[in-house]
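Notes for the one structure printed next.
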Amino acid sequence: MIRKAKGLSALALLGAAALAIAGCAPGNTAAPSANPEDQNSLPSTAWQRADAADVQDGGSLTLAVDSLPVNWNNFHIDGNEANTNDIVAAMQGGPIKIDESGKPVVDENYASSVELTNESPQTVEIKLNPDAKWEDGTPITVADYQATWKANNGTNPDYVVISTTGWDQIASVEQGENEFDVVITFSSVYADWQGLLSQILPASVGNDPTTFNTAYLTKALPSSGPFKLASLDSTAGIATLDRNPNWWGATPKLETVVFRAVSQDQQGTSFSNGEIDALNISANADLYQTAQNVAGAQIQASNGLTWTHITMRASDGPLADVNVRKAVASIVNREQIANTANSPVGVPAITQGSYVFMPGQDGYTDEALPYDVDAGAQYLEDAGYTKDGDSWVKDGTPLTLTVTVPADTATNVQRAEQIQADLGEAGIPVELTAVPVGGYFSEYVIPGDFQMVTFSWRGTAYPISSSESLFSPVDSAQNYTGITDDRLAGLWEEANTELDPEARLQTAEEIDKVLWEYVPIIPIAPLPEVYAVSEGLVNWGARQFETIDWTIVGFANA
């Protein structure tokens, strides 16, 4: 599975479950809907909880990733992958973390308080923990916040960032009473301001674009968390994290955390053989069956922040016509894809009808075009195509499409094959083009070298602002469609500057309607988080929102 995501941008994922892009979709800053029928009552967090006293001291946890980071700076666009964020999370942190309900709360390891002190102008004050420090012992101060802001606010195009959203609405970052008192003043209201505070950069990284862009291709950012990178074997695909000796918080229970690059096709075997301690099943029925045969393994399922989709490169070619895009959206049987993906792993099979929110969350509405092959044919006729035998033809040229897929990602390929079958049956031949998984995003998706791709987006707890960069502006680093709608910029500005939750939801619904009018992406299905974990593993596993506390991850006392 390939994934992406980060901060207030979406995270892209390869497999059936989603990619950071540090990006898109689900949830408002409000908690998820309390309706017990939503998502068939899957919990927001499904891992086994244990108090620190009940967790063994020492030991090692080995986790699989699809590939090691191509850039360990996860503020950089190339570092905006779920694999990277999963590894970095054990080594980084910030004043805001997310609780089980999806609510932002203060992480007292990094700050004693984070407060909105004024609404006009919007002002946030952070009282940093003076004990917090970087891996080399340098204190974390206002200088780091200033550098992080300047690197991400878009004023210097030499920084290749994921998204400037939010950062570009900050007027100043200043020192308050001392270097541990950070005062952030916004130039305009930014409702999801807490989403900017989950991680920061050292001033030494944020102050220099060359360092920001290229210094962390083969090494990790300086740690500000309980673990640090101890060794990296790029050939074997193994990153080993040890306890950070300059970590000021509670001593982590684990001695080491090992991230091993294992292809999705091999992860089931690795879990069965005890080579990894957890298996991301996602929507892979074979992995689900494998996990059920592993002695002592626990299978967990929670709501998720991931949704699968078809992204269409609509800046040229046949997909530049909105009616062709609507035809594809009408002909692809999303219900069947959802059922194929979710039912075999014991989770609800439902489709995704929103570009912004996940089912079961406040603000979710289903505006999707229904599955209707006849309607799809009408859209093609509206686009100027006529049926010639089994083909659709315009100006003498048959309509054909391609889907670019990452090799060795079973769920991604399976979904592409279903798209191919649905469109082919309706008279639109589709060729599947397999490319190396390691360069899937950097060489094909990000440069726009494709007609259609189908990966997943993994969202954040701040979906309204984080989803913006997927669609607007047209040159956003995460807008892989190559198009936008001029109405969106104003609507997102309205939503992102509205502090009233209900008014924000109304604007978000308008955004959704505009997106369904021009269909740059076809949402398919939400993906619950489904994991198998080794016997005794606690405080880590399937969850929708909750920030992992890496100091208490480990194995339960016997």
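Here's how it looks for Ile276: its modeled amide H is under 5 Å from those of Phe271, which are all 5 or more places away or on a different chain.
Here is how the number arises for the chain: DSSP H runs of 4 or more residues each give -39500 (n - 2.57), the sum is divided by the residue count, and the result at 222 nm is -6500 deg cm²/dmol.
Translational diffusion coefficient of the range 411-558 (Stokes-Einstein, Kirkwood radius from Cα pairs, 20 °C, 1.002 mPa s): 115 µm²/s.
Above 16 angstrom, tally the Cα pairs of the range 473-558 and express them as a % of all pairs, no decimals. Taking all Cα-Cα pairs of the range 473-558, the fraction more than 16 Å apart is 70 percent. A full extension of the chain between Ser231 and Ser112 corresponds to an added length of 39.6 nm, given 0.36 nm per residue minus the alpha carbon distance. Hey, how many Å between the Cα centroid of the range 415-433 and the Cα centroid of the range 114-148? The range 415-433 and the range 114-148 have Cα centres spaced 51 Å from each other. With the gyration tensor restricted to C-alpha atoms of the range 52-106, the semi-axes of the equivalent ellipsoid amount to 23, 19, 10 Å, longest first.
Counting only lysines at least 8 places from Lys513 when in the same chain, those with an alpha carbon closer than 19 Å to its own are Lys326. Three semi-axes describe the equivalent ellipsoid of the chain; taken as square roots of 5 times the Cα gyration tensor eigenvalues and ordered largest first, they are 37, 28, 21 Å. Placing a label point 7 Å from the Cα of Asp408 along the Cα-to-Cβ direction, the residues of the range 258-272 whose backbone N falls under 18 Å from that point are 259-272.
The slack in the chain from Asn557 to Asp382, taken as 0.36 nm per residue of separation less the alpha-carbon distance, amounts to 56.4 nm. When the Kirkwood radius is taken over all Cα pairs of the range 365-488, what Stokes-Einstein diffusion coefficient follows at 10 °C and 1.306 mPa s, in µm²/s? Here the translational diffusion coefficient equals 95 µm²/s. Phi angles of the range 376-382 translate, via the Karplus equation with coefficients 6.51, -1.76, 1.60 and θ = phi - 60°, into HN-Hα couplings of x, 5, 5, 4, 5, 5, 4 Hz per residue; Gly and Pro are given as x.
Pairwise alpha-carbon distances in the range 182-281 exceed 25 Å for 44% of all pairs. Overall, the range 305-528 carries a charge dipole of about 580 debye about its Cα centre when +1 sits on the Cβ of Lys and Arg and -1 on the Cβ of Asp and Glu, all other atoms neutral. Over all directions, the projected convex hull of the C-alpha atoms in the range 292-357 averages 6.3 nm² in area. The smallest convex shape that holds all Cα atoms of the range 97-214, its convex hull, gives 114 Å³ per residue. Calculate, in whole percent, how much of the Cα-Cα pair population of the range 291-402 lies beyond 21 Å. Percentage above 21 Å: 52. The alpha-carbon atoms of the range 85-153 define a convex hull whose volume equals 131 cubic angstrom per residue. Mean sequence separation of contacting Cα pairs (under 8 Å, at least six apart), scaled by the length of the range 305-528, corresponds to a relative contact order of 35 percent.
Towards the positive end of the charge dipole of the range 267-356, with charges on Cβ (+1 Lys, Arg; -1 Asp, Glu), say which of Gln267, Ala295, Ala329 has the farthest Cα. With unit charges placed on the Cβ atoms, the residue in question is Ala329. Tell me the volume per residue, in Å³, of the convex hull enclosing the alpha carbons of the range 343-438. Convex hull of Cα atoms, per residue: 155 Å³. Highest mean packing comes first when the peptides 514-522, 306-314 are listed by Cβ atoms within 10 Å, giving 306-314, 514-522.
For Lys219, the lysines whose Cα comes closer than 18 Å to its Cα, not counting residues fewer than 8 places off in the same chain, are Lys228.
Using only the alpha-carbon atoms of the range 305-528 as identical scatterers, what base-10 log of I(q)/I(0) does the Debye formula give at q = 0.13 Å⁻¹? Log10 I(q)/I(0), no solvent term: -0.75. Sorting Trp193, Trp134 by the number of Cβ atoms found within 10 Å of their own Cβ, with the fewest placed first, yields Trp134, Trp193.
When the Cα positions of Asn109, Leu196, Asn178 are compared along the charge dipole of the range 97-214, Leu196 comes out farthest toward the positive end, with charges on each C-beta of Lys, Arg, Asp and Glu. Rounded to the nearest 20 debye, the dipole size of the chain about its Cα centre is 960 debye, using +1 on the Cβ of Lys and Arg and -1 on the Cβ of Asp and Glu. Distance from the Cα centroid of the range 455-470 to that of the range 472-504 is 11 Å (rounded to whole angstrom). Taken as Cα centroids, the range 218-262 and the range 271-336 sit 29 Å apart, rounded to the nearest whole angstrom.
Extent of the range 231-295 along its three principal axes (Cα atoms, max minus min coordinate, largest first): 43, 29, 20 Å.
When only Cα pairs below 8 angstrom with a gap of at least 6 residues are kept, the range 97-214 shows a relative contact order of 26 percent. Taking the alpha carbon gyration tensor of the range 157-200, multiplying each eigenvalue by 5 and rooting it gives semi-axes of 20, 13, 11 Å, largest first.
All of the numbers you see were taken from the coordinates with simple rules; none came from a lab. Just so it is clear, the structure is predicted and the values come from calculations on it, not from any experiment. Here Cβ is always computed from backbone atoms with ideal geometry, including for glycine, and neighbour counts include all displayed protein chains.
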